[in-house]
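Enquirer: Dropping the structure in here first, questions after.
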Amino acid sequence: MTNNYYPFFNLPLPYDYSALLPFIDEKTMELHHDRHLQTYINNLNATLADYPQLQELSLVQLIQNAYRLPEPLQTNIRNNAGGVYNHRFFFHGMIPPGSSDNLPQRNLAQEIDRQFGSFAAFRESFQKSALSVFGSGYAWLVVCRGQLMIITTANQNSPLAQNLCPILTIDVWEHAYYLKHYNLRTDYIDDWFHVINWQAAEKNYLACMHARA
Ligand SMILES: [Fe+2]
């Protein structure tokens, strides 16, 4: 992921808007990337324009250090830097269906089996968490002190703010699925499992474990 510093701009998706069909529809991807993510980018740039010292921080550093800032700047940075990071992470965590065997790979696969018992048990647990998000937010697979953990975050809060290392995420804001799945978040989560980029997840897992070493 490039463009980690101010001014932020909208990186193109790593696939076409229609590439995730039939699981995620083209219009949703277009609106989600070009309008929703763009709005977070615009708001973050507008906020940072008044704070040259914050322009020196990377996107990750902004999220990790937001708690040090006075309100309402703190909330503004948490929402908008989080909105940029979380969406980029979510979009890069998906891949057109058929591109892979749609199962975790190598190290991450072993660790999922070790900690959750099986991929099916992990999947059930992840689905439950994603369904449990009340209102808008995300479900994540993260590394916490060397262990895998499934967590949820509200709004645009990011695991980075809790010193957790993200591997995989699903955006469960209604804008992520309402056009195709209406209010059926369960169906959206099922469909999302068909387009998970497990190669990216494996890479993220290794980076998390390396950063810990
Ligand atoms: Fe979103």
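This table checks each residue for (1) in contact with a His (Cβ under 9 Å, 6 or more places away or on another chain); (2) outside the structural domain of ILE63 (by TED's automatic domain parsing).
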site	(1), (2)
ILE77	no, no
HIS87	yes, no
ILE112	no, yes
GLN115	no, yes
ALA120	no, yes
LYS128	no, yes
TYR138	no, yes
THR152	no, yes
ASN155	no, yes
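Enquirer: Separate question: Kindly list the number of the only condition in (1) within 16 Å of the ligand (Cβ to nearest atom); (2) assigned to a loop (DSSP other than H, G, I, E, B) that fails for ASN80.
Expert: (2)
Enquirer: Counting only residues that are in a helix (DSSP H, G or I), out of contact with any strand residue (DSSP E or B) (no Cβ under 6 Å at 6 or more places or on another chain) and aliphatic (A, V, I, L, M), how many does region 174-213 have?
Expert: Residues meeting the conditions: 8.
Enquirer: Of all residues in region 5-43 being acidic (Asp, Glu) and over 16 Å from TYR178 (Cα atoms), which is nearest to the ligand (Cβ to nearest atom)?
Expert: ASP34
Enquirer: With the condition kept exactly as written, say whether any residue in region 26-49 is at pLDDT below 95 and either part of a helix (DSSP H, G or I) or surrounded by fewer than 14 Cβ atoms within 10 Å (Cβ to Cβ) (or both).
Expert: no
Enquirer: Oh, and also: When region 112-132 is examined, which residues are found to be within 18 Å of CYS165 (Cβ to Cβ) and either within 16 Å of the ligand (Cβ to nearest atom) or out of contact with any Leu (no Cβ under 6 Å at 6 or more places or on another chain) (or both)?
Expert: Answer for region 112-132, where residues must be within 18 Å of CYS165 (Cβ to Cβ) and either within 16 Å of the ligand (Cβ to nearest atom) or out of contact with any Leu (no Cβ under 6 Å at 6 or more places or on another chain) (or both): ILE112, ARG114, PHE116, PHE122, PHE126, SER129.
The values are calculated or read from the model by the stated rules, or taken from the named source; none is laboratory data. Bear in mind that the values here come from a model prediction, so they are computed numbers and not experimental data. All Cβ positions, even for glycine, are placed from backbone atoms using ideal geometry, and neighbour counts span all protein chains on display.
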